[in-house]
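Note sheet for the following structure.
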Amino acid sequence: MAYAARDDRPADKAARYAEVEAEILAVLDGEPNRTARMATVASMLADAFPAFFWTGFYVVDPDKADELVVGPYQGTLGCLRIAFGRGVCGAAALDRTTQIVDDVHAFPGHIACDSRSASEIVVPVFDGSGALIAVLDLDATVTSAFDAVDAQALEGLMARVFG
């Protein structure tokens, strides 16, 4: 069952996230490589939720602790680098909190990597010691595509995959 419409009931979306999480965890069982884990998560989320226009990670640059660099993703060309505090991804990295933006064009300082993006959710990703290692960025071509159901499911998934 592919979750395609933003108007579906939250319970249906939560159930789909639970199903996808179980699939992701099964595929990643025993895989220690962080890049492989990120690539798998991006691919499987993009496949499971067709409304997701761009699905991927921006990784904290080990040489510039206040900058994100594009990591594994599914979608059109992404921005290569994003400073902490800049755009939705940079806000999530700086504040270390999930950002839900109903209309990216109304978000001050939004970085338009692709003008078709209309709404976005960005979830900070922490390792087992609590250090920020990346942000998970999901974009949709419709406004208000993301809500608290997405935030809760994605935060839980990131904790289980990378924590």
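The values are calculated or read from the model by the stated rules, or taken from the named source; none is laboratory data. Predicted model, so just to flag it, every value in this text is computed and none were measured. Every residue, glycine among them, receives a Cβ derived from its backbone with ideal geometry; neighbour counts consider all protein chains shown. Ligands, DNA and RNA are excluded from the accessible area calculation, which covers all protein heavy atoms including side chains. Shrake-Rupley method; radii C 1.70, N 1.55, O 1.52, S 1.80 Å.
Data table
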item: Pairs, first in contact (Cβ under 8 Å) with a residue 40 or more places away in the chain and more than 12 Å from ASP139 (Cβ to Cβ) in segment 65-82, second assigned to a strand (DSSP E or B) and of a type in the set (Val, Ile, Thr), C-beta under 7 Å, six or more apart; result: LEU68/VAL59; LEU68/VAL60; LEU68/ILE82; LEU68/VAL135; GLY71/VAL59
item: Of all residues in segment 37-62 being surrounded by fewer than 17 Cβ atoms within 10 Å (Cβ to Cβ) and under 22 Å from ALA93 (Cβ atoms), the one that is nearest to the chain's Cα centre (by Cα); result: ASP61
item: Any hit, segment 61-80, residues being over 18 Å from PRO124 (Cα atoms) and among the hydrophobic types (A, V, I, L, M, F, W, C); result: yes
item: Count of residues meeting criterion [out of contact with any strand residue (DSSP E or B) (no Cβ under 8 Å at 6 or more places or on another chain) and in contact (Cβ under 8 Å) with a residue 24 or more places away in the chain] in segment 96-139; result: 1
item: Inter-residue pairs, beta-carbon under 9 Å, first more than 18 Å from PHE162 (Cβ to Cβ) and in segment 13-34, second open to solvent by 60 Å² or more (accessible area, probe 1.4 Å), 6+ apart; result: LYS13/ARG6; ALA14/GLN152; ALA15/MET1; ARG16/MET1; ARG16/ALA2; ARG16/ASP8; GLU19/MET1
